[in-house]
Structures are given as structure tokens and as C-alpha cells.
Amino acid sequence: MEKSTMSVQELSSQMGISLPKAYELVKQPGFPVLRIGTRILIPVDSFNAWLNRKAEGGDKDGNK
């Protein structure tokens, strides 16, 4: 079974960006994130959809 969420550290590694840049990214409006207490989790399916919208030229909030 694949994981349904990833941590900010995993996001950083997957995208090939620095950890501070990953934290900057999860603070952007429209970025899919779950906050559980102090923990920040990124739903994998929502992240992939967000990334596809960005790759297709969606606006700054990830909407077309």
C-alpha cells in the first residue's frame, strides 16, 4: 500500500528542492496541506493534481 501523505522533508526530496524552499511552498495559498497539531502533511493525490495544474499553466493559486 502506498502512503497517502508525505512530510515536508519527503516533499523536499521528491521535488529536489531545499527544505526551507519546501516549507515556503507549503505556506503558499492553494497548496494542498493538512495541519495536524504542529505536523504538516501533504496529501499525495492532491499534491499530484496541484503539480499537474501548475505544469499545465494554471494561475498562481493552482486554478485554471
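We did not get these values from a lab; they are worked out from the coordinates using the rules stated. Keep in mind the model is a prediction, meaning the values are calculated, not measured. Neighbour counts are summed over all protein chains in view; Cβ atoms, including those assigned to glycine, are modelled from backbone coordinates with ideal geometry.
Say a paramagnetic label sat at a point 7 Å from the Cα of residue 18, along Cα to Cβ; which residues of the range 31-60 have their backbone N under 11 Å from it?
No residues fall inside that zone.
Using the count of nearby Cβ atoms within 10 Å as a rough guide to exposure, how do 26, 33 rank from fewest to most?
26, 33
Take a quick pass over the chain and tell me how many lysine pairs come in under 17 angstrom between Cα atoms, counting only ones 8 or more apart or on separate chains.
Values: 21/54; 21/60; 27/54; 27/60; 54/64.
Close lysine pairs under the 17 Å cut-off: 5.
Among (i) 40, 30, 12; (ii) 37, 26, 25; (iii) 30, 29, 24, only one was calculated for this model; which label is it, if the read-out is Cα extents along the principal axes in Å?
(iii)
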